[in-house]
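Engineer: Below you will find the structure I want to go over with you.
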Amino acid sequence: GPAPVAAPVAASGAAPGGEASTTNTASSASSVCGKHSTKPGRRIILMLRHGQCCHEGERDELKELTQHGHKQAEDTARFISQLFALGKLPTKRALLHSTSRRARETAAKLPVHIQDLEVWNADLLRETDPTDKPFRAEEVFNRLFAAPEAGDSDALVIVAHNNIILYMLMRAAGVPIERAAQAWNLFHLRHASITRVDVFSNGEKKVISVGAAAHIADTAVTWRNVTGADMSAWKGGGPERHKFGGRMVVLVRQAGGQGSDGAISQQIRSVTDHVKSLGGYMMSGKAMVACTTAAQSTATSIAAKLKTVPQILPESIVQEPEAAFLQFFTVPIESSRDTVVIVAEDAPLLYVLLRSLGMSVEETKEARALYSIGHGSVTLVNIKNDGTTKVITVGDTCHLPISDM
């Protein structure tokens, strides 16, 4: 089996899967035993939001996963096990989860599908308001996102909660502590979604995806917890959910990469089907599609599925994407809900995304280098009718064949 990520120090008295003192658990799950090497080291951190739970607003032990929460956690565990099986993640691996019931139940699915997975838990990862306890959130970040040794690679899967995941994400993306503590205002992660950050031995960090959930069955995807008991089985079996109001901006990076023509055609089919499916339960199916010249083949496929034709953006948009931000990132005018799909290269897409997060033009140009979204990926930004913005996902490629990821 794979070499495990180094276990917590004996002084903590922890056993895998058991309780460990918070002073040791987080740091030890992130410590790595490795020889010095000139090859750069990399830690892949996958942060999972727990599955949907019920009894929202009540005490922790009542917040068990709903029927759909169990399905989400199961789909995510199977998906991550496939990434390991196909060598898409380092073999050295560990799981660290919050001690809250909803996180424990979500995390429990992973070792069923992934062998040789060391399991540890930490009170530090429990749901917290980072504005209220910034030191606690910062301590978790500093321990888990420490640079690995040169020549070493490992994967750390973290099962936790919306606020702490978003705090760590923003800190990894270079956002100062006080702004990172407010990050939960800017995002709305779906349940059991995957936020991936790669940390390199030179200290560099790259955000690969935020809230990726396209691997979860459409019939099970949710983003809000349930108040009271889980009654879905009595109400026809479907999840409790409503489409997002306002405008959904769908940012698609055009298909491409190193693959064959056949692989790129498959990418186009996969992303087209995924965008179409989102119109069924998450956003308005009535959409306009705009694209850059280089992204026309991907955009034409998506537009055909949405029964429209793509509007070709001026060439200048690639170099000066501010105009696209000003034009498309507004509330809908003719109805309470609409969809705008923009298909383009990664640079203009990341620019408009970061601008939507409230960054200045200068901050955006600097921060863009910290993100790396794949070909055929989908990013979703919701502009509510009151003008506030929520990012649902960034760089989600989980709808693509795993071999392409």
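The values are calculated or read from the model by the stated rules, or taken from the named source; none is laboratory data. Keep in mind the model is a prediction, meaning the values are calculated, not measured. Reconstructed Cβ throughout: ideal geometry from the backbone, glycine too, with neighbour counts over all protein chains shown. SASA here: full protein model, heavy atoms, side chains in, ligands and nucleic acids out. Shrake-Rupley method; radii C 1.70, N 1.55, O 1.52, S 1.80 Å.
Engineer: Extension gain GLU315-SER335, at 0.36 nm per residue separation less the Cα-Cα distance, in nm?
Structural biologist: Net length gain for the segment: 4.2 nm.
Engineer: Mind checking which of VAL341, SER284, LEU357 is farthest towards the positive end of the chain's charge dipole, using Cβ charges of +1 (Lys, Arg) and -1 (Asp, Glu) about the Cα centre?
Structural biologist: The listed residue farthest towards the positive side: SER284.
Engineer: Could you pull out the pairs from LYS235/LYS276; LYS39/LYS71; LYS206/LYS235 whose alpha carbons sit more than 31 Å apart here?
Structural biologist: LYS39/LYS71; LYS206/LYS235
Engineer: Restricting to the chain, compute how many DSSP beta bridges are antiparallel as a %, nearest 5.
Structural biologist: Looking only at bridges with both residues in the chain, the antiparallel portion is about 40 percent.
Engineer: Put +1 on the Cβ of every Lys and Arg and -1 on every Asp and Glu Cβ in the stretch 307-402; which of HIS375, PRO321, LEU400 then has its Cα farthest towards the positive end of the dipole?
Structural biologist: Of the candidates, LEU400 comes out farthest on the positive side.
Engineer: For ILE264, ILE317, give the ranking by accessible area with the largest first, probe 1.4 Å.
Structural biologist: ILE264, ILE317
Engineer: Charges at C-beta only: +1 for Lys and Arg, -1 for Asp and Glu. How large is the resulting dipole of the chain about its Cα centre, in Debye rounded to 20?
Structural biologist: Approximately 520 debye in magnitude.
Engineer: OK, next. Mind pulling the angle between the C-alpha long axis of helix 261-281 and the longest principal axis of the chain? Nearest 10 degrees, somewhere in 0 to 90.
Structural biologist: It is inclined by approximately 90 degrees.
Engineer: Which order do the peptides 319-331, 120-132, 184-196, 156-168 take when ranked by the mean count of other beta-carbon atoms within 10 Å per residue, highest first?
Structural biologist: So the order, starting with the most tightly packed, is 156-168, 184-196, 120-132, 319-331.
Engineer: Given ASN385, ALA217, GLY237, which one lies farthest toward the positive end of the charge dipole of the chain, if we put +1 on the Cβ of every Lys and Arg and -1 on the Cβ of every Asp and Glu?
Structural biologist: So the residue furthest toward the plus end is GLY237.
Engineer: Another question, then. Hey, what angle do you get for helix 162-172 against the long axis of the chain, alpha-carbon based, 0 to 90 degrees rounded to 10?
Structural biologist: 80 degrees
Engineer: Next up: Once label points are set 7 Å from the Cα along Cα→Cβ at both SER277 and ILE402, what is their separation, rounded to one decimal in nm?
Structural biologist: With each label point 7 Å from Cα toward Cβ, the separation is 1.6 nm.
Engineer: Rounded to whole Hz and in sequence order, give me ³J(HN,Hα) for the stretch 114-131 from the Karplus expression 6.51 cos²θ - 1.76 cosθ + 1.60, θ = phi - 60°, writing x for Gly and Pro.
Structural biologist: For the stretch 114-131, the Karplus-derived couplings read 10, 6, 6, 9, 6, 10, 9, 10, 8, 4, 4, 8, 4, 4, 8, 9, x, 6 Hz, x marking Gly and Pro.
Engineer: Given R₀ = 22 Å, FRET efficiency for ASP129-SER360 by Cβ-Cβ distance, to 0.05?
Structural biologist: So, using R0 = 22 Å, E works out to roughly 0.25.
Engineer: By how many degrees, between 0 and 90 and to the nearest 10, does the Cα long axis of helix 67-85 differ from the longest principal axis of the chain?
Structural biologist: 80 degrees
Engineer: Okay, next question. So, in Å, what gap is there between the alpha-carbon centers of the stretch 231-272 and the stretch 121-148?
Structural biologist: 31 Å
Engineer: Shape verdict for the stretch 261-360, please, from the Cα gyration tensor: rounded (a/c under 1.5), prolate (a/b greater than b/c) or oblate.
Structural biologist: Oblate, because a/c is 1.5 or more while a/b does not exceed b/c.
Engineer: Please give the per residue accessible area of the chain, computed with a probe of 1.4 Å over protein heavy atoms only, in Å².
Structural biologist: Solvent-accessible surface per residue comes out at 40 Å².
Engineer: Which value at 222 nm does the chain reach when only helices count, each DSSP H run of 4 or more adding -39,500 (n - 2.57), with the total divided by all residues and rounded to the nearest 500 deg cm²/dmol?
Structural biologist: That calculation yields -9000 deg cm²/dmol at 222 nm.
Engineer: Using a 1.4 Å probe over the heavy atoms of the protein chains, calculate the carbon and sulfur portion of the accessible area of the chain as a whole percent.
Structural biologist: C and S atoms contribute 52 percent here.
Engineer: Which ³J(HN,Hα) values in Hz, rounded to whole numbers, follow from the phi angles of the stretch 310-324 under the Karplus curve 6.51 cos²θ - 1.76 cosθ + 1.60, where θ = phi - 60° and Gly and Pro get x?
Structural biologist: x, 8, 7, 6, x, 3, 5, 4, 4, 7, 10, x, 4, 4, 5
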